[in-house]
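Here's the structure we're looking at; comments come further down.
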Amino acid sequence: MKEYLKKNGIRIGIIVLAVAILIGLGSATRDGEIGVVQNVTGIVEAPVKKVLSSAVNWFNTVYGYLYEYDSLLAENESLRSQLADAQQSARDGIEASEENERLRELLGLREKHSDFEMESCKVVLWSSSNWSSSFTISKGSNSGIELGDPVVTEYGVVVGQVTELGDTWATVSTLIDVDMSVGAYVGGSGSSGMVVGEFALMKDELCKLTFLADGAQIFVGDEILTSGSGGAFPAGLVIGTITNVQTEAGGQIEYGLVKPECDFDSLVQVFIIKSYELVE
């Protein structure tokens, strides 16, 4: 109806006006006398005028509604735009706050490990493969990054290692990737071993502490740190926590399941350790 009136409103108005003029002409007098036609016209003039008046009022009301409706639409669109701008400003503020928090934590990490030379990178894209756990970062060899460089969060928590490298990008394989292995030791007992990725554990975001020495003692809740053996990672970085211990029938420990400290799902920024002092 609204669209119809918009398209044909002028035509309807002209018709209403024409009818009003005809009735006006029919009510004209001749020499002050009222003829038969005029008399008949007078009989029907009052109700016709009432109908016409109602029609005109209805016409004005509808057009007023259409104008008001269009005004409300324009106002609504303006409010939507203002709301979108406000929401974007809020998101920008949250991102800036999170960025500042990361930088504060990174400052603490640098004070603790003054020998670390680090490069900040954005997480660009996660791998879609079901057979690996890796993501692409925003910097590569042009920024001094090399294959094998360790990757951490602003808290000094191990994320993974650079496994592919381009000029302006690199691929990071995470701790739970099937090709990952990190020298590790148990914070409580000092037992050493290797943390490795395993396909059966990857979907649960777990990895395995294995290659333990004979007689090693590990317990649920033990913190696992990097040992620094092999030189791939500096010593003392947090890997995760033991959540389960698997033993043989005779009580000999086989391996421990490790939950990484890093929350992979929330990663937006990581830090590449480009160089550090090796501790003998």
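Summary table below
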read-out	value
Verdict on Ile253 being touching a residue at least 60 places away in the same chain (Cβ under 8 Å) and crowded, with 19+ Cβ neighbours inside 10 Å	no
Selected residue (criterion: farthest from the chain's Cα centre (by Cα)) from residues of region 203-218 that are over 12 Å from Glu254 (Cα atoms) and surrounded by 11 or more Cβ atoms within 10 Å (Cβ to Cβ)	Cys207
Single residue of region 139-171 satisfying the filter (crowded, with 20+ Cβ neighbours inside 10 Å and hydroxyl-bearing (Ser, Thr, Tyr)) that is nearest to His113 (Cα to Cα)	Thr153
Odd one out for Val151, checked against (1) over 21 Å from the mean Cα position of the chain (by Cα); (2) in a loop (DSSP other than H, G, I, E, B)	(2)
Condition met for Asp204 (over 20 Å from Phe264 (Cβ atoms) and of a type in the set (D, E, K, R))	no
Unique residue being under 16 Å from Val151 (Cα atoms), assigned by TED's automatic domain parsing to the domain that holds Val159 and of a type in the set (Val, Ile, Thr) when the list is Val238, Val245, Val258	Val238
Any chance Thr163 is more than 19 Å from Ser275 (Cβ to Cβ) and among the polar types (S, T, N, Q)	no
Filter result for the condition that a residue is hydroxyl-bearing (Ser, Thr, Tyr) and at pLDDT below 95, over Thr168, Thr153, Thr174	Thr153
Flag if Ile176 is touching a helix residue (DSSP H, G or I) at 6+ places or on another chain (Cβ under 9 Å) and either in a strand (DSSP E or B) or among the hydrophobic types (A, V, I, L, M, F, W, C) (or both)	yes
Matching entry among Ser78, Ser120 (being assigned to a strand (DSSP E or B), at pLDDT 70 or above and small (Gly, Ala, Ser))	Ser120
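The values are calculated or read from the model by the stated rules, or taken from the named source; none is laboratory data. These numbers were taken from a predicted model, which means no experiment stands behind them. Ideal geometry is used to build each Cβ from the backbone, glycine not excepted, and the neighbour counts take in all protein chains shown.
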